[in-house]
Every structure is written in C-alpha cells, then in structure tokens.
Amino acid sequence: MARKQFQLEYIIRSSPAILYEFLAQPTNLAQWFCDFCDSQGDIFIFGWNGSFQRARQVDMIEEEYVKYHWEETNKGEFFAFKVYKSEIADDTVLEITDFADTKEIKEQSFLWDKQVEDLKRAIGA
C-alpha cells in the first residue's frame with residue numbers, strides 16, 4: 001500500500017534566513033530534529049538514541065527550501081521544509097511535507113508538532 005503525502009504549516013517567530021539554517025545545517029538540525037547529525041556532501045546522517053539513518057539532500061533553494069530523501073524509503077518519498085513569509089500577516093511560515101501510511105498520518109503529525117516545538121526553543125522563538 002502506497003504511503004500518502006501530507007503537509008503541515010507552522011508560524012515561526014524568526015527571520016526566514018535564521019530558520020533555514022536550522023533546517024539545512026547539521027549542527028542546527030541536531031539541536032531539534034535528532035540527537036546527532038553530520039553530512040558528507042549531500043548525504044546526511046541522522047542519529048537518535050544510537051541508531052542512525054541516512055538521507056540524501058536532493059534539492060535546495062538557499063533560505064527557502066530543502067528536501068531530503070531517506071535512503072530506505074520508496075523513490076518518490078521525501079521530507080521537505082519550505083520557508084516563506086505569509087502575505088497577510090508577514091509571519092514566517094514553515095511548511096513541512098512528509099509521507100506516512102494513511103493510518104499513521106495523525107501520529108506522524110503529532111511527532112512533527114513536538115519537533116517544531118523543540119525547533120522554536122532552539123531558535124529562541
């Protein structure tokens with residue numbers, strides 16, 4: 001059964017440039033997304049509690065967008081972060097795109113909610 005793509009949006013009290021650094025730089029990713037992060041070119045190694053996963057950074061637009069593909073997932077699946085300013089309130093918005101089994105989307109969304117709270121604390125937002 002194919003996994004479904006879903007998107008989440010969060011208002012982050014930060015400049016887009018600072019927020020982007022927390023989405024694309026290994027040392028900053030390790031402050032909120034994982035326990036450990038290192039990169040070798042476009043390969044990122046993420047660690048949680050002593051277990052590690054590799055992802056390839058497959059696309060990026062400086063200060064706007066970064067997209068990763070977990071090596072062990074289906075070819076068309078990815079997780080991505082898009083940063084933009086809302087036109088109405090001029091807020092900085094973080095849009096997260098991810099994939100999950102249909103019955104796991106709600107649980108995965110709660111996990112992202114928690115991680116974004118950690119991100120806000122790391123940024124000081």
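Summary table below
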item	result
Given (1) out of contact with any Asp or Glu (no Cβ under 8 Å at 6 or more places or on another chain); (2) of a type in the set (Phe, Trp, Tyr); (3) assigned to a strand (DSSP E or B), index of the condition PHE110 fails	(3)
Which listed residue is farther than 15 Å from PRO16 by Cα, out of contact with any helix residue (DSSP H, G or I) (no Cβ under 7 Å at 6 or more places or on another chain) and in a helix (DSSP H, G or I), from LYS103, LYS120, LYS67	LYS103
Flag if PHE46 is surrounded by 13 or more Cβ atoms within 10 Å (Cβ to Cβ) and over 16 Å from LEU29 (Cα atoms)	no
Yes/no for LYS85 being touching a Ser or Thr at 6+ places or on another chain (Cβ under 9 Å), of a type in the set (D, E, K, R) and surrounded by fewer than 16 Cβ atoms within 10 Å (Cβ to Cβ)	yes
Options THR73, THR102: the member that is loosely packed, with under 14 Cβ neighbours inside 10 Å, over 14 Å from the mean Cα position of the chain (by Cα), hydroxyl-bearing (Ser, Thr, Tyr) and farther than 24 Å from ARG121 by Cα	THR102
Of residues in the range 56-88 being aliphatic (A, V, I, L, M) and free of Cβ contacts under 8 Å to residues at least 24 places away in the same chain, the one nearest to GLU9 (Cα to Cα)	ALA80
Number of the condition not met by GLN53 [criteria: (1) under 12 Å from the mean Cα position of the chain (by Cα); (2) surrounded by 14 or more Cβ atoms within 10 Å (Cβ to Cβ); (3) in a strand (DSSP E or B); (4) of a type in the set (S, T, N, Q)]	(1)
Residues within the range 74-100 that are outside any strand (DSSP E or B) and farther than 22 Å from GLU62 by Cα, tallied	5
Residue list for the range 10-32, restricted to those being among the polar types (S, T, N, Q), buried (at least 16 other Cβ atoms within 10 Å of the Cβ) and not in a loop (DSSP other than H, G, I, E, B)	ASN28
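Each reported figure results from applying straightforward, stated rules to the coordinates on display, with no laboratory input. Because the structure is a prediction, the values reported are computed rather than measured. Counting neighbours? That spans all protein chains shown, and the Cβs are built from the backbone with ideal geometry, glycine included.
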